[in-house]
Amino acid sequence: MATTTSSDPLPAATRTIGLSLGADLCWPACYEEIVARLKLSIPIAGEQVDFQVERVTVEPFDLRQPCRYDVVLDRLTHWFHTSREWIKKAVILDGLYVLNNPWSLQSMEKHTSYCAMMKLGMPVPDTWLIPPKAHEPTADLQPTLDRYARNFDLGAVGEQLGFPMFMKPYDGGAWVGVTRLDDVDSLRRAYEHSGTRVMHLQRAVEPFDLFVRCIGIGPQVYIVRYDPHAPLHERYVVDFHFVDGDEWSLLTDTTLTINAFFGWEFNSCEALRSGDVFHPIDFANACPDFQVTSLHYHFPNMVKNMVRWSIFCAASKRPMRQNLDWEPFYAVAAKDLPYRERLAGYAAIARERLDHDRFVDFCDRHLGHLDEVAWEFFGTELAKSFVRAKVAALFPAHEVDRFTEHFWGLIKFWRKTEADRLGHGEPAPARQ
């Protein structure tokens with residue numbers, strides 16, 4: 001048998017990254033183009049590894065059919081059952097790595113996430129769950145209600161919780177079914193119209209002076225000032241220095257804790273600042289918004305973060321953590337420590353589970369040119385065409401030109417700030 005020496009070429013290997021997509025247009029096209037332009041060939045674990053990206057199709061599958069992907073970036077598990085069941089099969093039988101644990105995503109709604117983070121001591125606002133106003137008829141429904149359902153005074157619940165409050169579905173998302181309630185009368189009206197949905201009542205955090213959304217991709221956390229009252233395309237605010245270093249650290253530790261606890265590697269956490277406390281209010285958002293039409297200025301940074309984490313996972317053949325283990329977090333929670341110290345303990349567990357140190361070293365060694373490649377790409381007409389395609393899918397025809405220029409202008413502003421950060425001076429003109 002031939003002996004391999006340091007001068008012998010490493011055996012070639014290819015890692016395949018699958019994109020499991022629904023209506024996504026802009027980010028996958030940008031992701032594919034940037035990965036291609038990186039021209040990666042990485043020596044790792046005795047192999048010379050390159051990468052290819054494919055889009056995952058939806059079709060019948062044999063449960064024993066091999067999976068050709070090393071990593072899948074999934075945008076369907078939370079609502080499209082065929083793809084979810086294929087992903088679960090591929091994780092179990094083929095060792096597929098997928099960013100968000102599909103079993104956790106299927107079972108952990110907002111209600112569970114509130115309870116779990118209350119257990120860890122996070123300052124989640126006081127929250128009640130109330131039975132639905134109406135029920136879908138089933139054979140055993142009426143006997144159950146007759147025997148065990150208790151009449152309750154909704155107004156008394158509201159007074160005990162305190163106004164103002166929000167009524168929202170216990171498992172909902174995208175602000176669907178969310179109502180602000182300022183008094184008992186508005187609470188009763190909202191409940192009368194809530195139908196069969198099981199609802200939470202959550203005490204409003206007021207007054208507050210800052211609303212943030214923290215978007216986690218692997219061990220990376222990107223914090224944005226957020227305005228929920230603005231139109232969708234203006235909610236992610238372009239702002240700088242709106243939190244100090246200690247606040248950034250706290251929000252980062254909060255987001256990493258939540259994500260690692262539930263096995264979510266692409267998730268967002270919303271929090272409100274009241275006084276010197278950040279109250280997490282909505283953080284079961286695995287597969288969050290990833291469209292240029294809402295992220296605009298922030299969109300290139302999110303694409304870069306996805307490139308970094310997915311390439312690291314594929315190159316290193318990072319093993320999928322199939323089971324959730326909450327005991328280490330609970331052990332920290334049981335210690336008689338100030339909350340900030342406990343949170344740091346949770347975040348240390350999260351960073352270890354997310355391979356933070358190995359990831360940073362990998363990026364320094366192999367992805368140092370990503371910033372330059374992305375900066376150049378987002379100055380091309382090709383990138384602008386991807387923006388236009390997403391705008392055309394969402395906006396009326398007579399608004400496509402205006403909003404394409406609007407979002408493209410914000411990306412040009414990102415290029416200017418990125419050029420300043422990289423020491424470029426003025427951005428280069430757009431090119432093909």
Among the residues of segment 180-194, which ones are outside any helix (DSSP H, G or I) and either closer than 13 Å to Gly155 by Cα or open to solvent by less than 30 Å² (accessible area, probe 1.4 Å) (or both)? Leu181, Asp182, Asp183, Ser194
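Residue by residue, here is whether (1) surrounded by fewer than 18 Cβ atoms within 10 Å (Cβ to Cβ); (2) under 24 Å from Leu250 (Cα atoms); (3) free of Cβ contacts under 8 Å to residues at least 60 places away in the same chain holds:
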position: Phe299; (1), (2), (3): no, yes, no
position: Lys304; (1), (2), (3): no, yes, no
position: Trp309; (1), (2), (3): no, yes, no
position: Ala314; (1), (2), (3): no, no, no
position: Gln322; (1), (2), (3): yes, no, no
position: Tyr339; (1), (2), (3): yes, yes, no
position: Ala347; (1), (2), (3): no, yes, no
In segment 206-248, anything in a strand (DSSP E or B), open to solvent by 20 Å² or more (accessible area, probe 1.4 Å) and in contact with a strand residue (DSSP E or B) (Cβ under 9 Å, 6 or more places away or on another chain) is listed as Arg213, Val221, Tyr222, Ile223, Arg225
Taking the residues in segment 278-297 that are at pLDDT 95 or above and part of a loop (DSSP other than H, G, I, E, B) as candidates, determine which candidate is farthest from Thr404 (Cα to Cα). Phe290
Filtered residues of segment 266-282 (kept if over 18 Å from Leu295 (Cβ atoms) and in contact (Cβ under 8 Å) with a residue 12 or more places away in the chain): Ala271, Leu272, Arg273, Ser274, Val277, Phe278, His279, Pro280, Ile281
Result of the Cβ filter at 8 Å on segment 104-127, keeping first residues that are within 20 Å of Ala344 (Cα to Cα) and open to solvent by 40 Å² or more (accessible area, probe 1.4 Å) and partners that are hydroxyl-bearing (Ser, Thr, Tyr) and not in a loop (DSSP other than H, G, I, E, B), at least 6 apart or interchain, is Lys119/Tyr330
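Every residue, every condition in (1) at pLDDT 95 or above; (2) among the small types (Gly, Ala, Ser), yes or no:
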| position | (1), (2) |
| --- | --- |
| Ala2 | no, yes |
| Ser7 | no, yes |
| Pro11 | yes, no |
| Ile17 | yes, no |
| Ser20 | yes, yes |
| Trp27 | yes, no |
| Ile34 | yes, no |
| Leu38 | yes, no |
| Ser41 | yes, yes |
Picked from segment 359-410 (must be among the polar types (S, T, N, Q) and part of a helix (DSSP H, G or I)), the residue most open to solvent (accessible area, probe 1.4 Å) is Ser385
If a residue must be of a type outside the set (D, E, K, R), farther than 19 Å from Trp79 by Cα and outside any helix (DSSP H, G or I), how many such residues does segment 249-277 contain? 6
In segment 224-238, which residues are within 30 Å of Glu341 (Cβ to Cβ) and of a type in the set (Asp, Glu)? none
Report, by residue number, each residue of segment 215-235 that is more than 12 Å from Asn301 (Cβ to Cβ) and among the aliphatic types (A, V, I, L, M). Ala230, Leu232
Out of all the residues in segment 53-85, which are surrounded by 14 or more Cβ atoms within 10 Å (Cβ to Cβ) and part of a strand (DSSP E or B)? Val53, Val71, Val72, Leu73, Asp74
Looking at segment 99-170, what helices (runs of 4 or more DSSP H) fall wholly within it and have at least 2 residues that are within 23 Å of the chain's Cα centre (by Cα)? 102-107, 110-119
Name the residue that is most open to solvent (accessible area, probe 1.4 Å), counting only residues in segment 36-52 that are farther than 17 Å from Lys317 by Cβ and out of contact with any helix residue (DSSP H, G or I) (no Cβ under 7 Å at 6 or more places or on another chain). Lys39
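The values are calculated or read from the model by the stated rules, or taken from the named source; none is laboratory data. Everything numeric here is computed off the predicted structure, so don't read it as measured data. Note that each Cβ is placed from the backbone with ideal geometry, even for glycine, and that neighbours are counted across all protein chains shown. Ligands, DNA and RNA are stripped out before the accessible areas are found, and what is left, the full protein with its side chains, is counted by its heavy atoms. Shrake-Rupley method; radii C 1.70, N 1.55, O 1.52, S 1.80 Å.
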